[in-house]
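Here is the structure we will look at, set down as structure tokens.
The values are calculated or read from the model by the stated rules, or taken from the named source; none is laboratory data. Remember, predicted model here, so these are calculated numbers, not experimental data. All Cβ positions, even for glycine, are placed from backbone atoms using ideal geometry, and neighbour counts span all protein chains on display.
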2 protein chains.
Amino acid sequence: MVRWALGVDLGGTAVKLAVIDEEGGMLDHERHPTQVEAGPEGIVTHIASLVFSMYSRFREQIGEELFAGIGLGAPGAVDSDRGILSYPPNLPGWERYPLKSELHNVLVRDHAMYSPLILENDANIAACGEAVFGAGKSFRDFMMITLGTGVGGGIILGRKLYRGSHGTAGEIGCLAIDYSGKSVHAGIRGSVESLIGKKGIVAMGLETYHRYPREVWSEEFHGKELCELSPRTLEKAAHQGDPIAMEVWDRVGSILGVGLAGVVALMDIRKFVIGGGIAGAGDLIFSPAFEQMKQSTLPSMHDDMELVPAALGNRAGVYGAAALCFSSIV
Amino acid sequence: MVRWALGVDLGGTAVKLAVIDEEGGMLDHERHPTQVEAGPEGIVTHIASLVFSMYSRFREQIGEELFAGIGLGAPGAVDSDRGILSYPPNLPGWERYPLKSELHNVLVRDHAMYSPLILENDANIAACGEAVFGAGKSFRDFMMITLGTGVGGGIILGRKLYRGSHGTAGEIGCLAIDYSGKSVHAGIRGSVESLIGKKGIVAMGLETYHRYPREVWSEEFHGKELCELSPRTLEKAAHQGDPIAMEVWDRVGSILGVGLAGVVALMDIRKFVIGGGIAGAGDLIFSPAFEQMKQSTLPSMHDDMELVPAALGNRAGVYGAAALCFSSIV
């Protein structure tokens, strides 16, 4: 008999839910807009009703006794022991909010649902998802990096989520690798996110194209004054063979590689799973990242280095949230 | 009854030995030149005779039954399970050497001594020493940084030495924080060691002084064309109030702070113990390092940040080596 769980991934734009079984089967999934303007209480009430409705459908089908619980991922700093979410980006007005107990209370009050509930940071949960069901299955120690609007990370050590002393470990986006440089994000000069977060990539793209005469620009950007330059269009241009776009991705990859090298040096982690929308650029980033990771570490650190694409795409969150309920990863 | 152990710290210039009891008392200590030219076998034979002679004196005094063993620290990558030392810097010709079994065999062969023997990397051992007997006693998680000719580090997580997947964790000297800069050490551009290892500090000192007319240089450097500029003389000049030397230390501290911020972001470690010869500059480094560590991290990471000087000086190694024998730190 295979157990099942509900994975919930709360983001600034969408709430994703899925029913996952212990063998990695995704039995159902849904996506709803996050009711940001409803504030914490409104969102919690909304999530509770979505959870209960999904749970009800499968309770009869699979059976209550095999239900392992609800895993919930949320952005921001999470104190998972106390179930408190602090300052989630993209969820204004939350500050410090006891998300776990509030959701539990509403599930009990509105739906008489007493299931076990686990709260964890979203980047950590994506790492758990890849560890249990995805590209990190065979790795004992690895770091999952999510390249998207921001740059996030989650760390698995000895098949356990590594949270650090305050639950904020894995913030590779904050790692300063160009402390004397120009780019700044969230107050941190030269951070990985300032350089290769979405804004950083766009800035790098603009700067690179403007170094070349517009006659040689990819037709992707002809006559558009580069106002449509984005990671997506840069990716398209590079796949069409535009050498300028390829140069941009090569730099993005190298910068990622410098950041990964820092993880190798400090933590002696040598396996990396790379996901998020930007990772769609694939080998355009992966090859230079791997080369740079070697260049920025000692030869004695090169054994067993591996860089692999994430396997679960934007479902890593719900997979990981569910995984918390039946694995020993937390 | 208090147990005792022998701590041995093998370095490129000296072999240090000490008899330490479980309560942190140092009952005896010795320092001998490392017989580098004798090669691995010669050094092992030498260490074995030093160990046996020191052991013999205390065996009768304290008693054999309270002897916990021999801890040995060595530079380079250490596979402590297999007892293999790889490519120790400053010990040419060693390559990969089974130091633990060789020392064990010689102790048995020449001295009929069968005591337990533990081998560990020297930077890790200094961290263990500070953790068990020094400035890290009250910290659950911390990083020990050694600022000297090079920049090394050792990490304690949950009161256990964190080695990483290959025993090379904690190499903060290799962390690239200025990847597009000019300075390079051991092939790594912009590494912490390239910037604030001894050579980096001297280069920064020369560069800074040459920006000022020599009439305003500290008398420490009058008429000497800066050929005597070293961390030691820079420290002296700064303590005499020379603003140029103080500017240099301020930069050294800031750069250290950027590196520490990287550890905070990735590992969520917020306690740092700083030792090594350069750390003698004290607050000249500590204040700017602490300020910069805050500037290069998110405000949500600032709680509980602490930067303290090491307590055991250049004896951290022998203390830590002995500590391996009676603590649960490894």
- Message: Among (1) surrounded by fewer than 24 Cβ atoms within 10 Å (Cβ to Cβ); (2) within 10 Å of chain B (Cβ to nearest Cβ); (3) among the basic types (Lys, Arg), there is one condition A:LYS236 misses while meeting the rest; what is its number?
- Response: (2)
- Message: Condition (residue is touching a Phe, Trp or Tyr at 6+ places or on another chain (Cβ under 9 Å), crowded, with 21+ Cβ neighbours inside 10 Å and under 22 Å from B:SER191 (Cβ atoms)) applied to the stretch A:215-232: is it met by at least one residue?
- Response: no
- Message: Taking the criterion of being under 20 Å from the mean Cα position of the chain (by Cα), of a type in the set (Gly, Ala, Ser) and at pLDDT 95 or above, would at least one residue in the stretch A:110-128 satisfy it?
- Response: yes
- Some residue of the stretch A:201-210 being crowded, with 19+ Cβ neighbours inside 10 Å, free of Cβ contacts under 8 Å to residues at least 24 places away in the same chain, in a helix (DSSP H, G or I) and in the same structural domain as A:VAL252 (by TED's automatic domain parsing): no
- Take B:ALA311 and decide whether it is assigned to a helix (DSSP H, G or I), modelled with pLDDT of 95 or more and under 30 Å from B:GLU30 (Cα atoms). no
- Read through the list (1) away from chain B (no Cβ under 14 Å); (2) of a type in the set (D, E, K, R); (3) within 30 Å of A:GLY24 (Cβ to Cβ), then give the number of the only condition that A:LYS199 fails. (3)
- Note on the structure: Among the residues of the stretch A:239-277, the number that are charged (D, E, K, R) and within 14 Å of chain B (Cβ to nearest Cβ) is 4
- Item | Single match in B:ILE285, B:ILE269, B:ILE244 (criterion: surrounded by fewer than 21 Cβ atoms within 10 Å (Cβ to Cβ) and among the hydrophobic types (A, V, I, L, M, F, W, C)) | B:ILE244
- If you go through the stretch B:278-308, how many residues are under 23 Å from B:LEU195 (Cα atoms), of a type in the set (S, T, N, Q) and either in a helix (DSSP H, G or I) or away from every other protein chain (no Cβ under 14 Å) (or both)? 3
- Go through B:ARG159, B:ARG109 for me and flag whichever is basic (Lys, Arg) and in contact (Cβ under 8 Å) with a residue 12 or more places away in the chain. B:ARG159
- Message: Going by what's in this entry, would B:ALA322 be described as surrounded by 20 or more Cβ atoms within 10 Å (Cβ to Cβ) and either in contact (Cβ under 8 Å) with a residue 24 or more places away in the chain or not assigned by TED's automatic domain parsing to the domain that holds B:ILE20 (or both)?
- Response: yes
- Query: In the stretch B:81-106, which residues are in contact (Cβ under 8 Å) with a residue 60 or more places away in the chain and among the charged types (D, E, K, R)?
  - Reply: B:GLU102
- Item | Listing of helices (runs of 4 or more DSSP H) fully contained in the stretch B:85-196 that carry 2 or more residues being away from chain A (no Cβ under 14 Å) and surrounded by fewer than 18 Cβ atoms within 10 Å (Cβ to Cβ) | B:99-111
- Go through the stretch A:235-282 and give me each residue that's aliphatic (A, V, I, L, M) and farther than 24 Å from A:GLN295 by Cβ. A:ALA237
